[in-house]
Amino acid sequence: MSHTSELISTDIDLYLKTHQEKSLLRFITCGSVDDGKSTLIGRMLYESHMLLDDQLSLLESDSKKLGTQGSEIDFALLVDGLAAEREQGITIDVAYRFFSTDKRKYIVADTPGHEEYTRNMATGASTADIAIILVDAQHGILTQTRRHSFITSMVGVKKVLLAVNKLDLVNYSEEVYDKIVKEYNKFASNALDIEEITPIPISALMGDNVVNKSTNTPWYKGQTIMQYLENVEISNKNLDKPFRIPVQWVNRPSSDFRGFSGLIASGSIRVGDKVKIIPGGQSSTIETIITGDREVIKASAGESITITLDDQIDVSRGDILVDKKNPCSEADQFQTRILWMHDDPMMPGRQYLFKSNTQSALLTLGKLKHRIDVNTLDNLPAKILEMNEIGICNISLDRQIAFDSYDNNQTMGGFILIDKFSNNTIGMGLIDFALRRSDNIHWQKMDISKESRAQQKLQIPKLIWFTGLSGSGKSSIANILEKKLHSLGKHTITLDGDNIRHGINRDLGFNEADRVENIRRVGEIAKLMLEGGLICIASFISPFESERHMARTLVSENEFIEVFVDTPLHVCEKRDVKGLYAKARSGEIPNFTGISSPFEEPLNPEIRIDTTVTSAEDAANQIIEYFSK
Amino acid sequence: MNHLATLEAEAIHIMREVVASAENPVMLYSVGKDSSVMLHLAKKAFFPGKIPFPLMHIDTMWKFSEMIQFRDKTAKDLDLDLIVHINPEGKKLGINPFIHGSSKHTNIMKTEGLKQAMDKYKFDVAFGGARRDEEKSRAKERIFSFRTSEHRWDPKNQRPELWNIFNSNINKGESIRVFPLSNWTELDIWQYIHLENIPIVPLYFSKERPIVDRDGTLILVDDDRLPLLNGEIPLLKSVRFRTLGCYPLSGAVESKANSLPEIIQEMLMTTTSERQDRIIDHDGNASMEKKKQEGYF
């Protein structure tokens, strides 16, 4: 809020009326560390008289204690609100600040410059209308400038203000400014999908061209930052797009009302309009539209509404109501752009949770096509994505979803990836297009079922999955178990880690990505064995919870028996039947589980065998006992 | 759409997202103006249905008596499912801001009380009315703010929050605090109350009230539990409150404003921020962040 408007004291009612009609502009400040993002925001708040006495006096005392500007006010302290930020003098997470001018109301997200906190920068960028990208005039365009510009453009920000900052430290040199602007334009035209770049020479610290035109840059004839913010055009492009509303929640207060609630993602809708429900493709007609507590005849993008339809069609959360004449598509396989946000790298083959608008699914990462070097914009071959890396990757989902490409519709094409175990948000993704191959491969239905094959063998198919360190005794127990089952007349098959790697998996190594693929294939083979009605015994180190879980989900719930052969590392190492531990210790074998690669202990195995107190024979009996329950 | 309509649509979207994904949500109802707005938005979000979750007030036994009256009337008028929780141990110990200090009182009656109630009723999501413009650590908090099973907030390790896709997944025992008013400012709240005719506690409007002046903080003599100092005589002053909490910890401001436009006018022309009247924020640097980490709302 600006505290300068005359109207406040003379005619508060009129002031409120004008204020009420202001539009909202959301923007971010981004750029490299120490380019002055927080300082710029602090300066804008200060110069637009947004700071109150108590905040100012606190800022003055904080500046003396913690500031980096000597005896001057350190405006960065206004936004760096976390204790750790103030102590270290850096920005860790996005801060949201609010102010308004006579024309507009602003929400500004001040984003961190450190590469480590890129995920927090992306958080701020994803909701921004425009971006202010700061560049320190002394250093020019840096890797982080490019990274932030790339992410800004990737999430769909079309207008950028390039603030060339700290001009006071280069004697307000027009030459330095021109050089930086030229370099940035060259980078942007090659790499970014940005419609308009507006450069402004500033000193956030001294206040040059922030709110008021500076006398230090007589050669600059353009707008100040505040003038730009007041005048930049932001049209709501979503209004002109076809109608889409993701159904968030079904409102059923009584048997005679059944409403579908959601936020309109794009377009507009009127009572009587024809819609389609995707996935599925059923058609219906809008009967009523409710916003807040009243009925309306029309609603548009950005409004939260509740809709009723004129028939009893089945609609639930995750369905999308779309314009019948301009529907979206549905698919379960896509090419996507992914920004990875977690310490644990992204592994093709691994499963994560997918969440877009209101749709959730189980996602399996396909092959990584390449990653993008944000500095050189080269496409580099890559097997995995590390934190803060961006890559092009295929994904497949366990169900069909409604979608548009992200470039056409952000709500319909943006998604997040969630870790199945920690529930952390570990990546963001944008749908480019659907892969049509799944359309052309149809599931062939067979007349003889798994059940009939199993019945013929008078048994129930099972997958007995042994996991444990190398040398823990998995194979010995598996061997005895199979002999026992065989003598009981059961039809069995054993898949063994070493044997599989001699055949179908001989192209795979032992790095984490290959280990994930190894287990994925084994899981699929085991699934086929169970389809054949067999009892399948799988014996693999299978060190990651993720892949064991994937194997478990490939078969039916009661078919999977996880046997954790729990032998302590020092015991395995002492036994060292194959001499592998000695080699691993001497560094001859890299990525050896237990030595140089982790083993994630199963959390809830069906059976745990402590081989220090249980013989292989007893272990096999224990499994058969569990089995025949 | 103007900015208030945008903020309203966003808050309603957030509330529906919680109801669609949470097992057992609750709305923290503090009886203040922000809670009044939140309640109003909830009515709209689920219309024509009833609000599909209970409201919970963590009572410290030192709230203004007018707040309690307003709370009970609101619950009755709107037919709300209202839970009132008072920390029983605090009650037994007779925790008192005068004897035990503001910090201990707030910690035991509010923070501990809230954690107890969350565990007791096994709520997995709690709505709070906090706004990002209130305080610097709030400005950093996500809309869906994750809490460990010990109710702790880890400000250095927040989940990324992309677009308006909210990750509501949690493991058993963990919880999420959700702030639908994150992007509202104090002015937005007042203006919305004005436009939508939302009922608020009369303490926000100026009236002659018995006051004692303690080092510049004007304390309302709300009941006879307020210990008067030597020679201290309550004086009738025309005052109102910008924030409401425990009466011994909420300073009044001298004012003549008794309509919403006048309140807004006064707010816009004032030179101090609203939380200055709140005594707990001044307990130490970064005190709000510390309190929040420990589970304060």
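So which helices (runs of 4 or more DSSP H) stay within the range B:183-297 end to end and still have 2 or more residues that are surrounded by 20 or more Cβ atoms within 10 Å (Cβ to Cβ) and at pLDDT 90 or above?
Because the criterion is at least 2 residues that are surrounded by 20 or more Cβ atoms within 10 Å (Cβ to Cβ) and at pLDDT 90 or above, the helices (runs of 4 or more DSSP H) in the range B:183-297 that meet it are B:186-196, B:260-269.
When residues of the range A:176-199 are filtered for being more than 19 Å from A:Thr217 (Cβ to Cβ) and hydroxyl-bearing (Ser, Thr, Tyr), how many remain?
Number of matching residues: 1.
Please tell me if A:Asp398 is under 15 Å from A:Met428 (Cα atoms) and surrounded by fewer than 17 Cβ atoms within 10 Å (Cβ to Cβ).
No, not satisfied.
Out of A:Tyr220, A:Tyr228, A:Tyr177, A:Tyr172, I need the residue that is at pLDDT 95 or above and either within 32 Å of the chain's Cα centre (by Cα) or within 30 Å of B:Ala11 (Cα to Cα) (or both). Which one?
A:Tyr228
Would you mind stating whether A:Ser556 is under 36 Å from the mean Cα position of the chain (by Cα) and at positive phi?
no
Picking from A:Leu66, A:Leu16, A:Leu7, A:Leu59, which residue would you name as being in contact (Cβ under 8 Å) with a residue 12 or more places away in the chain, of a type outside the set (Phe, Trp, Tyr) and either surrounded by 18 or more Cβ atoms within 10 Å (Cβ to Cβ) or touching a Phe, Trp or Tyr at 6+ places or on another chain (Cβ under 8 Å) (or both)?
Going through A:Leu66, A:Leu16, A:Leu7, A:Leu59 in turn, just one is in contact (Cβ under 8 Å) with a residue 12 or more places away in the chain, of a type outside the set (Phe, Trp, Tyr) and either surrounded by 18 or more Cβ atoms within 10 Å (Cβ to Cβ) or touching a Phe, Trp or Tyr at 6+ places or on another chain (Cβ under 8 Å) (or both): A:Leu59.
Any residue in the range A:151-164 that is more than 14 Å from chain B (Cβ to nearest Cβ), under 30 Å from A:Lys237 (Cβ atoms) and assigned to a helix (DSSP H, G or I)?
Looking through the range A:151-164, at least one residue is more than 14 Å from chain B (Cβ to nearest Cβ), under 30 Å from A:Lys237 (Cβ atoms) and assigned to a helix (DSSP H, G or I).
For the range A:549-565, how many residues meet the condition of being buried (at least 20 other Cβ atoms within 10 Å of the Cβ) and modelled with pLDDT of 90 or more?
Selection size over the range A:549-565: 5.
May I ask you to verify whether A:Thr198 is in a strand (DSSP E or B) and polar (S, T, N, Q)?
Taking the combined requirement at face value, the residue satisfies it.
Checking the conditions here, which among B:Ala9, B:Ala20 is facing chain A (nearest Cβ under 9 Å) and more than 16 Å from B:Phe123 (Cα to Cα)?
Going through B:Ala9, B:Ala20 in turn, the sole match is B:Ala9.
Looking at (1) surrounded by 21 or more Cβ atoms within 10 Å (Cβ to Cβ); (2) touching a residue at least 12 places away in the same chain (Cβ under 8 Å); (3) in a loop (DSSP other than H, G, I, E, B); (4) within 14 Å of another protein chain (Cβ to nearest Cβ), which is the one condition that is false for B:Pro160?
Tallying (1) surrounded by 21 or more Cβ atoms within 10 Å (Cβ to Cβ); (2) touching a residue at least 12 places away in the same chain (Cβ under 8 Å); (3) in a loop (DSSP other than H, G, I, E, B); (4) within 14 Å of another protein chain (Cβ to nearest Cβ), B:Pro160 fails exactly one: (2).
Of everything in the range A:371-381 that's over 18 Å from the mean Cα position of the chain (by Cα) and not β-branched (Val, Ile, Thr), which residue is surrounded by the most Cβ atoms within 10 Å (Cβ to Cβ)?
Here the answer is A:Asp373.
For the range A:251-259, indicate whether the set of residues that are of a type in the set (D, E, K, R), part of a strand (DSSP E or B) and away from every other protein chain (no Cβ under 14 Å) is non-empty.
No: the range A:251-259 contains no residue that is of a type in the set (D, E, K, R), part of a strand (DSSP E or B) and away from every other protein chain (no Cβ under 14 Å).
From A:Phe415, A:Phe421, grab the single residue that is farther than 12 Å from A:Met346 by Cβ, within 14 Å of chain B (Cβ to nearest Cβ), crowded, with 21+ Cβ neighbours inside 10 Å and touching a residue at least 12 places away in the same chain (Cβ under 8 Å).
Just a single option satisfies the conditions, and that option is A:Phe415.
When the residues of the range A:382-421 are narrowed to those that are in a loop (DSSP other than H, G, I, E, B) and under 25 Å from A:Asp319 (Cα atoms), which ends up modelled with the lowest pLDDT?
A:Lys420
Determine which single condition A:Asp323 fails, assuming it passes every other condition in (1) surrounded by fewer than 19 Cβ atoms within 10 Å (Cβ to Cβ); (2) touching a Phe, Trp or Tyr at 6+ places or on another chain (Cβ under 9 Å).
So the condition that A:Asp323 fails would be (1).
Are any residues in the range A:121-136 surrounded by fewer than 24 Cβ atoms within 10 Å (Cβ to Cβ) and either over 18 Å from A:Val160 (Cβ atoms) or away from chain B (no Cβ under 11 Å) (or both), and if so, which ones?
A:Asp129, A:Ile130, A:Asp136
Can you report the number of residues in the range A:332-350 which are more than 14 Å from chain B (Cβ to nearest Cβ) and surrounded by 20 or more Cβ atoms within 10 Å (Cβ to Cβ)?
6
Looking at the structure I just gave you, is A:Asp102 modelled with pLDDT of 90 or more, among the acidic types (Asp, Glu) and out of contact with any His (no Cβ under 6 Å at 6 or more places or on another chain)?
no
What's the number of the only condition in (1) aliphatic (A, V, I, L, M); (2) touching a helix residue (DSSP H, G or I) at 6+ places or on another chain (Cβ under 8 Å); (3) in the same structural domain as B:Tyr29 (by TED's automatic domain parsing) that B:Leu195 fails to meet?
The number of the failed condition is (3).
The values are calculated or read from the model by the stated rules, or taken from the named source; none is laboratory data. Note that the coordinates shown come from a computational prediction; the quantities given were computed from them, not determined experimentally. Glycine also receives a Cβ, built like all others from the backbone with ideal geometry; neighbour counts cover every protein chain displayed.
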